[in-house]
Structures are given as C-alpha cells and as structure tokens.
Amino acid sequence: SIVLPALIHYFCPFPTSSFAFTDVPQLDCDIKAGKIINPEFIAKCPPGCQDIKYRVYGTDIYASFSSVCGAAIHSGTIDNSGGKILVQKVAGHSGYRGSYSNGIRSLSLPRWRESFIVSGTVGRHNSDTLISWKRKIKSKKEQKYPTQFFGVSLLFSVSDCKVDLSFLIDGSWSIGKRRFLIQKQFLSDVAQTLDVGIAGPLMGIIQYGDEPSTEFNLKTHTNSKDVKSAIEKISQKGGLSNVGKALSFVTKNFFLDTSGNRGGAPNVAIVLVDGWPTDKVEEASRMARESGINIFFVTIEGRVPVYFCICISSQAVCRTNGFYSINVPSWFNLHKVVQTLVKRVCDTDRLACSKTCLNSADIGFVIDGSSSVGTGHFRTVLQFVANISKEFEISDTDTRIGAVQYTYEQRLEFGFDKHSTKQDVLNAVKRINYWSGGTSTGAAINYAFEQLFSKSKPNKRKIMILITDGRSYDDVRGPAMTAHQNGVIAYSVGIAWAAQDELEAIATDPDKEHSVFVDEFDHLYRFVPRIIQNICTEFNSQPRN
Ligand SMILES: *[C@@H]1O[C@H](CO)[C@@H](O)[C@H](O)[C@H]1NC(C)=O
C-alpha cells in the first residue's frame with residue numbers, strides 16, 4: 001500500500017500536563033475519514049462544512065465514506081463555524097442510519113468497511129486519552145512509517161482503492177505486434193500497482209478492434225497474479241480501432257452485477273487510444289458518463305493533445321486540468337504513467353462522474369392544482385417542490401426536474417430538458433400559475449407518464465413525486481400500476497383531505513417508504529428531509545453502476 005505524507009503540516013509538542021493544542025491540522029470540508037490512515041487524530045474543521053455536498057452517512061457512528069467535518073457538525077461536536085475535533089476509527093458495520101440533525105441530513109448506507117466517531121477536544125478528554133493516543137501512534141510509527149512522515153501529522157492513503165475498473169485496450173492492426181506487447185506490459189504493471197483484490201480494486205479487460213470483446217470481467221480474477229497471467233494470454237484481435245463502439249459496449253454490458261459489479265465501488269473505464277480512433281467517441285463517452293462511469297483516456301502518440309470532454313457537469317475537472325486525460329508522447333514512455341494513472345483512479349473522492357442519489361434521477365413533480373388547495377396553499381406546495389429540488393445536483397447530465405400541474409385537466413409546466421441549472425429550475429417552479437379546478441389524479445399520472453417520463457433518459461432513475469390534497473374523481477390504480485411497471489418510482493404526498501388508500505396505490509411498494517400524509521399545508525416543510533432521505537435510502541439499497 002502506498003502512504004502519502006500529509007499535505008497538511010502539523011507540529012505538536014504534546015504537552016503532558018494539559019491538553020492545550022495550539023496548532024492542529026486543518027481539514028477541508030470534503031475530506032473523508034477513510035482517506036486518513038491514523039486510527040485516532042485531532043484536527044480542525046474550517047467554517048462552512050454544513051453543506052449537502054459534503055456527504056455524511058450514519059448517525060453517531062459514521063461510515064468512513066463520510067466527510068469528517070460534516071459528521072462533526074451532524075454529531076453536534078462543532079457547528080458551521082468550524083472547530084477542533086477528535087476522531088476515532090471503529091469497526092465497519094451494516095445498516096448505517098441516516099438522520100437529520102444540527103442542520104445536516106445524513107444518509108443511510110447498507111454497509112461500509114470502517115466507521116468513525118467524533119467528539120470534542122475540550123473538557124471531555126483528559127491527558128490519559130492523550131497519552132494512550134500518543135503511545136498508539138508511537139508503536140505504529142516504529143512498525144511502519146518513516147519518522148519524518150510521522151510526528152502527529154495526518155497520513156493520507158491512496159491504498160483505500162475500491163474501484164470497479166474496466167480497461168479498454170487497442171487490438172487493431174494499426175498498432176502492430178510490438179506495441180500490442182507494450183500495451184500488455186502496461187496492463188500488467190497497472191494490475192501489479194493496483195494490488196487487485198475483492199476488498200480493493202477489481203479489473204476486467206475489453207479488447208477493441210472492429211468489435212469489442214470481453215477478455216475477462218470483474219469477477220474472473222481476484223488478485224494481481226491471476227490478472228497478470230490472464231493478460232499474458234491475450235492475443236491481438238486485429239481490425240479497426242472502434243473505440244466509441246467499445247465504450248458503448250462497456251456502458252451496456254460490462255458493469256453488471258452478474259459480472260461482478262459491486263455497486264458500492266465507483267465504476268471506472270480506462271481507455272487506451274493510439275492516435276486517432278476510427279469512430280466517434282464523444283457521444284459514447286457522454287453516455288458512459290451519464291451512466292455513472294468515470295472514463296480515463298490514455299492517449300498515446302496523439303498528433304495533438306486530445307481532450308475528450310467526458311465529464312460535462314464537472315467542466316473544471318475535464319477541461320482545465322485534464323484529470324481524466326493523460327497524453328503520452330510515445331509508446332516507449334507508457335510505463336512512466338503507471339503511477340500517475342493509478343493515483344488518479346484511486347482518488348475516489350475526485351471521481352466526479354460517480355452516480356449518487358443526488359445526481360442521477362429525472363424527478364417529475366405532479367402537482368394538484370384543484371380548487372380546494374387555494375392560492376395561498378398552492379404557494380406552499382410550490383415552496384415544497386422548490387425545497388426538494390434544491391437538495392439535488394441539477395444539470396442536464398445530473399438530476400433533472402420536470403413538473404406537471406393537474407386539475408380535471410393536465411398541463412406540462414416544464415419538461416426535463418427545459419432547465420439545466422438549479423436556479424432556472426427554482427425560478428420556473430416559482431412561476432407556476434395556480435390553475436384551480438377538479439381533481440383527476442389518475443389522468444394526471446397517465447399524462448405525466450406519457451408527456452414527462454417518456455422523455456426521461458434510459459440511464460436515469462425516474463422518480464415521480466405526486467402531491468395532492470383530496471380524493472381523485474377517477475381511478476388512480478390502473479395509471480399508477482402502469483407507471484410502476486415501466487420503471488417509475490412513485491412517491492405520494494397527501495395533504496389534509498387526501499385519501500390514504502389512494503396515496504398507497506400511487507406509491508411504489510413498500511408504501512410506508514414512498515408515501516407521506518401531512519395533516520395541514522403548514523406542516524409540509526417538515527417532510528422535505530424525509531423524502532430526500534427515502535430517495536437516498538432507496539438508491540443506496542439498489543445495485544447500481
Ligand atoms: C422551504 O424552505 C424555506 C427555507 O428554508 C422554509 O422557510 C420553508 O418553510 C420551506 N417550505 C416548505 C413547504 O418546505
């Protein structure tokens with residue numbers, strides 16, 4: 001495993017009589033506990049970590065996949081102005097429970113391999129804790145780490161590399177036999193450096209020529225030695241270099257649970273490209289990215305540096321610093337990029353293309369605009385829609401929002417492709433005009449299915465959130481069932497006179513997790529965190545790319 005010395009420098013004289021730290025390392029809000037090797041450490045959180053983008057998983061005991069400082073706020077140890085914390089690593093477990101606490105909504109997570117707890121540094125910990133902590137660090141230091149990297153600085157790990165990786169290699173005639181061998185050597189070096197294993201990275205290989213073919217998939221070999229001997233046996237297919245076709249193939253066929261895809265691990269595709277590919281790559285890359293695959297291009301002997309823009313929503317990442325793109329001037333230099341590539345692939349915090357519950361859905365609101373709602377309460381409903389939308393990462397490649405209003409009739413307020421920024425969506429929600437009329441909820445579900453969700457992309461989760469305050473004039477069961485059977489995950493929000501049996505029929509099973517009832521409009525705001533949490537719990541419990 002590779003241990004990187006901290007980028008954060010920290011010197012602490014360890015006073016034995018008091019616990020007066022004056023200088024502790026400062027963490028960024030997005031640093032996850034899993035990235036830090038120390039079993040126990042004191043650190044300082046900056047102000048401003050109370051933000052949905054710093055994800056936290058669990059309650060009291062947090063999965064190490066969580067932001068350290070986010071968890072510190074959630075636990076009540078510090079507030080959004082930051083402060084010093086003591087972090088202790090504990091064993092991983094299953095069933096991390098999300099909750100809303102101190103202004104942070106933590107998420108549920110089925111399981112994780114390590115957890116941590118956060119506590120304050122003032123008053124609660126006496127010098128005994130400090131001394132035992134010091135002793136632990138000391139014995140560790142003697143076993144493992146070079147002194148200059150030790151002291152009490154934080155040790156950051158890139159060995160915590162759990163990714164599902166597909167390598168796309170060039171088998172076309174154009175690269176020739178010799179280069180094909182260099183390519184195999186490169187794969188072998190990467191497999192060795194990665195240290196393939198079921199608790200860490202897994203890798204499979206696709207060879208492309210005219211057509212792509214899978215040499216082996218994620219579950220075929222589970223250690224570097226086996227992967228390497230399988231690489232030795234690969235023979236060149238020949239043909240053209242149809243990279244785009246191969247990427248489409250990977251998007252559709254590679255990351256399947258039956259092929260060993262683990263769900264909890266980010267999906268990564270590394271594409272080796274010799275000069276110019278034969279077919280179009282952009283569109284295939286975009287589709288792959290939208291399916292949650294992080295694509296790295298290693299371009300060898302490209303005549304001009306090629307920057308495939310593969311990660312549209314993270315333009316800074318893909319356009320500016322080329323995180324996802326490595327250019328190698330000649331095949332004979334390929335071995336020099338092994339370390340760089342492995343480091344980037346294993347920097348799982350920066351794998352911006354991974355799917356989360358917040359960036360991978362098409363969410364369609366179906367809003368009851370009947371007369372019983374009234375103008376004032378309709379505003380409250382719109383606020384509710386805006387407050388839910390606000391929690392998601394919105395762009396045309398992340399989560400998209402659409403809305404339908406209904407009475408006896410229906411109208412499309414805006415479709416999924418209409419607004420591509422959060423601000424535009426929020427403005428559009430505000431502009432929805434109250435209609436007033438009857439209540440045909442069944443017809444509205446049909447309409448939403450046909451006019452809204454038919455335009456949803458195949459790789460997005462289709463989520464319908466229907467909000468109503470009364471019993472429907474027509475049947476809701478048939479339309480709801482059609483929507484469910486066609487992949488729409490339906491949530492029902494009933495207010496005041498809404499009928500419980502209808503809310504349950506509209507909601508996807510289990511009803512309890514997809515349906516809420518609110519006695520009055522003024523209490524609607526309380527259910528925003530619950531709905532987000534249910535959406536995330538549902539997402540976390542699904543196998544995914
Ligand atoms: C929406 O959020 C605002 C600001 O946090 C809050 O004041 C309001 O009560 C919320 N309303 C609803 C219906 O969620």
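The values are calculated or read from the model by the stated rules, or taken from the named source; none is laboratory data. Values in this document were obtained by computation on a predicted structure and should not be read as measured data. Reconstructed Cβ throughout: ideal geometry from the backbone, glycine too, with neighbour counts over all protein chains shown.
Overview of results
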| read-out | value |
| --- | --- |
| Qualifying residue in the range 332-347 (condition: within 16 Å of the ligand (Cβ to nearest atom) and among the hydrophobic types (A, V, I, L, M, F, W, C)) | no |
| Whichever residue in the range 219-241 is at pLDDT below 95 and touching a strand residue (DSSP E or B) at 6+ places or on another chain (Cβ under 6 Å) and, among such residues, is surrounded by the most Cβ atoms within 10 Å (Cβ to Cβ) | SER241 |
| The range 498-529 - residue that is closer than 16 Å to PHE365 by Cβ and within 23 Å of the chain's Cα centre (by Cα) and, of those, surrounded by the most Cβ atoms within 10 Å (Cβ to Cβ) | HIS514 |
| Qualifying residue in the range 159-177 (condition: at pLDDT below 60 and surrounded by fewer than 16 Cβ atoms within 10 Å (Cβ to Cβ)) | yes |
| Condition check for MET464: free of Cβ contacts under 8 Å to residues at least 40 places away in the same chain and in the same structural domain as SER372 (by TED's automatic domain parsing) | no |
| Output for the range 204-240, where each listed residue is acidic (Asp, Glu) and closer than 20 Å to ASN253 by Cβ | ASP210, GLU211, GLU215 |
| Test result for ILE42, surrounded by fewer than 24 Cβ atoms within 10 Å (Cβ to Cβ) and assigned to a loop (DSSP other than H, G, I, E, B) | no |
| Selected residue [in a loop (DSSP other than H, G, I, E, B), over 20 Å from the mean Cα position of the chain (by Cα) and among the small types (Gly, Ala, Ser)] from GLY244, GLY238, GLY204, GLY200 | GLY238 |
| When residues of the range 69-89 are limited to those that are surrounded by 24 or more Cβ atoms within 10 Å (Cβ to Cβ) and at pLDDT 95 or above, the one farthest from TRP112 (Cα to Cα) | ILE73 |
| Verdict on ASP210 being touching a residue at least 24 places away in the same chain (Cβ under 8 Å), more than 26 Å from VAL338 (Cβ to Cβ) and more than 21 Å from the chain's Cα centre (by Cα) | yes |
| Some residue of the range 406-416 being closer than 23 Å to MET481 by Cβ, in the same structural domain as PHE521 (by TED's automatic domain parsing) and touching a residue at least 60 places away in the same chain (Cβ under 8 Å) | yes |
| Restricting the range 405-455 to residues that are β-branched (Val, Ile, Thr), within 18 Å of ARG471 (Cα to Cα) and in contact with a Lys or Arg (Cβ under 9 Å, 6 or more places away or on another chain), the residue that is surrounded by the most Cβ atoms within 10 Å (Cβ to Cβ) | THR441 |
| Residue within the range 291-304 that is in contact with an Asp or Glu (Cβ under 8 Å, 6 or more places away or on another chain) and modelled with pLDDT under 75 present | no |
| Listing of strands (runs of 3 or more DSSP E) fully contained in the range 359-433 that carry 2 or more residues being within 16 Å of the ligand (Cβ to nearest atom) and within 21 Å of ILE445 (Cβ to Cβ) | 361-368, 400-406 |
| Helices (runs of 4 or more DSSP H) completely within the range 478-545 that count 3 or more residues being within 16 Å of the ligand (Cβ to nearest atom) | 528-541 |
